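The values are calculated or read from the model by the stated rules, or taken from the named source; none is laboratory data. Computed from a prediction, not measured in an experiment: that's the story for all the values here. For neighbour counting, all protein chains shown are included, and Cβ atoms are generated from backbone atoms with ideal geometry for every residue, glycine included. Remember, those area values only see protein heavy atoms, side chains included, never the ligands or the DNA or RNA. Shrake-Rupley method; radii C 1.70, N 1.55, O 1.52, S 1.80 Å.
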Amino acid sequence: MQQFGFRSARGEQAWIERANDILPGGVNSPVRAWNGVGGTPLPIVSASGATLTDASGKEYLDLVGSWGAGIVGHAHPEVVAAVRGAASRGLSFGATTESEVELAELIRDRYAPAQKVRLVSTGTEATMTALRLARAATGRDLIVKFAGLYHGHSDGLLVAAGSGLATAGVPDSAGVTAAVAADTLVLPYGDADALTDAFAEHGSRIAAVITEAVPANMGVVAPPEGFHRLASQLCRNEGAVFIVDEVLSGFRAGPAGGWGLERDAEIAAGREPWEPDLVTFGKVIGGGLPVAAVAGRADLMDMLAPVGTVYQAGTLSGNPVAVAAGLATMRLLDDGAYATLQRTADALRTGVSAELRGAGIAHAVGQAGTLFSFFLGLEEPPTTFDEVAEQDALAYSDLFHFLRGQGVALPPSAYEAWFVSLAFDDDHVRRIVAAVGAWGGREATGP
Ligand SMILES: Cc1ncc(COP(=O)(O)O)c(C=O)c1O
């Protein structure tokens, strides 16, 4: 097997050509190509704790964390040992194992609305199945989603807003048919009037509303007070299914994901908390290996084959090695771990914000629980995608490349959360904050 290890610009160029020759865009998932910030990424050769090492041997403090999955830090010894142990007992059986049941029970114990759980391999499968269940349960076609929220790449969810509010969506990717897009209404996030109007106009045709528990795929946008409560009520009143996508936020924003943050706030305010009918998980529950889940009300989940008539299947669903990584990760996430993670996130968020402010750089901070991101050039935290799109993405690109030079790996897009892990210590936080201070808003000299 060839080991990458570049020692020269020629070696790097050869790598780029080789990757582009065989992989479209040189990647297996688009955001990895750095189109949002420019430049060309080198392959990563290893990662440990808070640190990534690329093929030139350079090390980076990693704020991508495998897009959220790496919550306990890279190659955590307990996770690696669990994976080794599972692998030595067999890689895949195509039959139910005890560890799948254990992981599903653990999810339910920590997230009460997950009464029943079906494990799948990707978040895309989880949300796709949730939509199918909602349509089967209601006998209706229409799905309501919100602009700027991402739920994976199934056809019906790659849809953009049509020309007017509450009109049929239009394909947001080549290859998605107009007919599929017409079954998705796309509304501005957080707009209570638009949502109420959509139900007034189309209520009897709406199968489901799908939202991210914490929108974090347009930067982090804290859900406006009462918005999810309203969505839940409208769904209940009109007989639609409320799907809360926790693929990114689940067991990451807090111990019970984004929903748990709202549940606690509702209880503190003396209100009965709302609950999702269906919920989707991914990322953290696989601890870096491919595990995701659709879960929710038992009556809805029992519509899945083989109990019910909604078909869903997967050769590698609940794969024992992947589940071992997820279980080991989830077991490390006790109350103390979430307190540590929150402290780290708070220190980094406030430290970076203070440096930006000190340098006179306008910015807004989006935050919910341990999730956060920065919107350079904005004065107020945005709620809608249109507001998010006003941010200064070029300034972010400058920050990205400057920090790269300082040994800090930010997400390669202004539209992503900054992910911390349990492997970050105070010194890591100080180094990142100092690097942002050293940037001070200067333009990149080139990627
Ligand atoms: C909220 C949300 N839902 C669904 C997905 C899709 O998950 P996957 O990439 O595992 O298909 C993502 C991926 O980033 C996500 O953030």
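Once both labels are positioned 7 Å from their Cα atoms along Cα-to-Cβ, the gap between residue 334 and residue 265 label points is 2.9 nm. To the nearest 0.05, what FRET efficiency results for residue 233 and residue 362 with a Förster distance of 30 Å applied to their C-beta separation? The calculated FRET efficiency here is 0.20. Amide H to amide H distances under 5 Å link residue 423 with 73, where only residues 5 or more positions off or on other chains count and H is placed in the peptide plane.
At a 1.4 Å probe, what is the % contribution of carbon and sulfur to the accessible area of the chain? If you can, show how the numbers build up before the last one.
Details: 9680 of 19000 Å².
The C+S portion of the solvent-accessible surface of the chain is 51 percent.
Angle of helix 98-110 to the longest C-alpha principal axis of the chain, folded into 0 to 90 degrees and rounded to 10: 80°. Could you give the angle, 0 to 90 degrees to the nearest 10, between helix 123-138's Cα long axis and the longest principal axis of the Cα atoms of the chain? Value to nearest ten degrees: 10. The label-point distance for residue 10 and residue 59, in a model that sets each label 7 Å from Cα toward Cβ, rounds to 3.0 nm.
A simple spin-label model places pseudo-atoms 7 Å from Cα toward Cβ; at residue 108 and residue 179 they are separated by 3.9 nm. Taking Lys and Arg as +1 and Asp and Glu as -1, the other residues whose beta-carbon sits under 12 Å from that of residue 273 total -2. Quick one: angle between helix 77-88 and the longest Cα principal axis of the chain, in degrees between 0 and 90, rounded to 10, please. Helix 77-88 sits roughly 70 degrees off the main axis of the chain.
For residue 93 and residue 22, the difference between the fully extended length at 0.36 nm per residue and the C-alpha to C-alpha distance is 22.4 nm. Sorted from longest to shortest, the spans of the Cα atoms of the stretch 219-330 along the three principal axes equal 43, 33, 25 Å.
Both radii come from the Cα set of the chain: Rg as radius of gyration, Rh as Kirkwood radius; their ratio Rg/Rh reads 0.96. The Rg/Rh ratio of the stretch 77-332, with both radii computed over alpha carbons and Rh defined as the Kirkwood radius, is 0.97. Toward the positive end of the charge dipole of the stretch 77-332, with +1 on the Cβ of Lys and Arg and -1 on the Cβ of Asp and Glu, the farthest Cα among 328, 152, 239 is that of 328.
Sorting the segments 207-214, 91-98, 292-299 by their mean number of nearby beta carbons within 10 angstrom, highest to lowest, gives 207-214, 292-299, 91-98. Shown here is the pair-distance distribution of the stretch 306-447: with all Cα-Cα distances grouped in 5 Å bins from zero up to the longest one, the shares run 2, 9, 15, 18, 16, 11, 9, 8, 6, 3, 2, 1, 0 percent. Computed extension gain for residue 302 through residue 406, at 0.36 nm per residue and net of the alpha carbon distance, reaches 32.3 nm.
Give me the 1.4 Å probe accessible area per residue for the stretch 155-255, excluding ligands and nucleic acids, in Å².
Values: 3430 Å² over 101 residues.
It amounts to 34 Å² per residue over the stretch 155-255.
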